[in-house]
Amino acid sequence: MKQFAVIGLGRFGSSVAKTLSKMGYDVLGIDIDEEMVNSMAEDLTYTVKADTLDEQTLKSLGIRNFDVVVVAIGREIQASILVTVMLKEMGVKKVVAKAQTEIHGKVLERVGADKVVFPERDMGERIAKALVSKNILDQIVLSPEYSLVEMAVPPGFINKTLEKSGARQKYGISILAIRRGSDVIISPNASNIMLEGDILVVIGRNDKLGKFETIDI
């Protein structure tokens, strides 16, 4: 089973760490703030108060043995960059780093971060799209062109089968699952009927998704 370490237990770091822990993974939470460390002690496998800008401290924690290390350091841009550099030099397999700005993200990539995330920007985009959409409930941006979304069944397709909706043939999107109350239909077939109140899990191009979710015929 993969082991994770999260450096920085602010809002983003603590959310990532708790979610991984609830999924059953071993998680080490690290922060220089003792109060934050103590607040997470019951939620994570291990927690430790440490200054991660100290290379010897990182080594003493056995950080290179973790499969993934998340650098979730808050507003200290320089600190997140330096920690990312040290982690890669120590041989950490995968480093995921939180960026504050596009420039910060580019620097993190150049110093070796395997994945850079922009939680504030991405959350802002998701909220904005939800505010202007009639049916989209949640959205994960996979690339500038493609997204995975949860949406209510478009009004024009209530009580129709997937085949009659023409989701794939006409709109170029794929319905991966239908959530109906506490039940989930995985990989629904052409004869499955979409009912009022159903939630669809759909993947496709953003422009195609936009057209599909507004259908009202």
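Against the test of being touching a strand residue (DSSP E or B) at 6+ places or on another chain (Cβ under 9 Å), outside any helix (DSSP H, G or I) and of a type outside the set (Ser, Thr, Tyr), the options LEU28, LEU20 yield a single qualifying residue, LEU28. Among the residues of segment 56-69, which ones are out of contact with any Gly (no Cβ under 8 Å at 6 or more places or on another chain) and surrounded by 14 or more Cβ atoms within 10 Å (Cβ to Cβ)? THR57, LEU58, LEU61, ILE63, PHE66, ASP67, VAL68, VAL69, listed by residue number.
The residue pairs whose first member lies in segment 82-99 and is in contact (Cβ under 8 Å) with a residue 12 or more places away in the chain and assigned to a loop (DSSP other than H, G, I, E, B), whose second member is aromatic (Phe, Trp, Tyr) and crowded, with 17+ Cβ neighbours inside 10 Å, and whose beta carbons are closer than 9 Å, counting only pairs six or more residues apart or on different chains, are VAL92/PHE66; LYS93/PHE66.
Screening ASP114, ASP198, ASP122, ASP138 for residues that are under 17 Å from the mean Cα position of the chain (by Cα), on the phi < 0 side of the Ramachandran plot and at pLDDT 90 or above leaves exactly one candidate, ASP114. Selection within segment 154-195: residues that are aliphatic (A, V, I, L, M) and under 26 Å from PRO144 (Cβ atoms). The member of this set that is modelled with the lowest pLDDT is ALA167. Taking each residue of segment 178-191 that is closer than 9 Å to THR161 by Cβ and looking for partners that are surrounded by 13 or more Cβ atoms within 10 Å (Cβ to Cβ) and not hydrophobic (A, V, I, L, M, F, W, C) with beta-carbon atoms closer than 8 Å, six or more apart or interchain, yields ALA190/THR161; ALA190/GLU163; SER191/THR161; SER191/GLU163.
With LEU61, LEU87 as the choices, which residue is more than 23 Å from the chain's Cα centre (by Cα) and either under 22 Å from ASP114 (Cα atoms) or modelled with pLDDT of 95 or more (or both)?
None of the other options fit; the residue is LEU61.
Here LEU209 meets each of (1) in a loop (DSSP other than H, G, I, E, B); (2) surrounded by 15 or more Cβ atoms within 10 Å (Cβ to Cβ); (3) hydrophobic (A, V, I, L, M, F, W, C) with one exception, condition (1).
The values are calculated or read from the model by the stated rules, or taken from the named source; none is laboratory data. Note that the coordinates shown come from a computational prediction; the quantities given were computed from them, not determined experimentally. Counting neighbours? That spans all protein chains shown, and the Cβs are built from the backbone with ideal geometry, glycine included.
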